Amino acid sequence: MNTLNKTLALIALASSSAAFAATDFDTLDVDGNGAISQSEASVDAELMSQFAELDTDGNGELSKEEFSKA
């Protein structure tokens with residue numbers, strides 16, 4: 001059920017016109033876990049193009065510190 005809620009939240013965010021202007025960490029961290037996953041970052045094409053470079057620890061998520069270097 002939790003995965004379904006996250007998926008629905010991502011779909012809602014992606015369908016929002018504001019989603020593509022999202023540059024705020026807290027806006028992109030849809031599930032509020034303190035990190036931006038690749039699926040959360042997928043709503044921002046520019047962020048996705050930099051994701052691997054920004055993910056300096058290679059854990060598949062962007063911390064607030066990693067994101068701040070975008």
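The values are calculated or read from the model by the stated rules, or taken from the named source; none is laboratory data. Because the structure is predicted, anything quoted here is derived from the model rather than measured. Cβ: placed from backbone, ideal geometry, glycine included. Neighbour counts: every protein chain shown. Note: areas computed on protein heavy atoms with side chains; ligands, DNA, RNA excluded. Shrake-Rupley method; radii C 1.70, N 1.55, O 1.52, S 1.80 Å.
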Inset, instruction - Give the residue, chosen from Asp29, Asp57, that is touching an Asp or Glu at 6+ places or on another chain (Cβ under 7 Å) and at pLDDT 95 or above. - result: Asp29
Inset, instruction - Restrict the check to region 6-24 and report whether at least one residue is open to solvent by 90 Å² or more (accessible area, probe 1.4 Å), out of contact with any Pro (no Cβ under 7 Å at 6 or more places or on another chain) and modelled with pLDDT of 95 or more. - result: no
Legend entry - Number of positions in region 49-70 that are outside any helix (DSSP H, G or I) and either open to solvent by less than 80 Å² (accessible area, probe 1.4 Å) or under 19 Å from Lys6 (Cβ atoms) (or both): 8
Inset, instruction - State whether one or more residues within region 33-48 are surrounded by fewer than 17 Cβ atoms within 10 Å (Cβ to Cβ), modelled with pLDDT of 95 or more and out of contact with any helix residue (DSSP H, G or I) (no Cβ under 8 Å at 6 or more places or on another chain). - result: yes
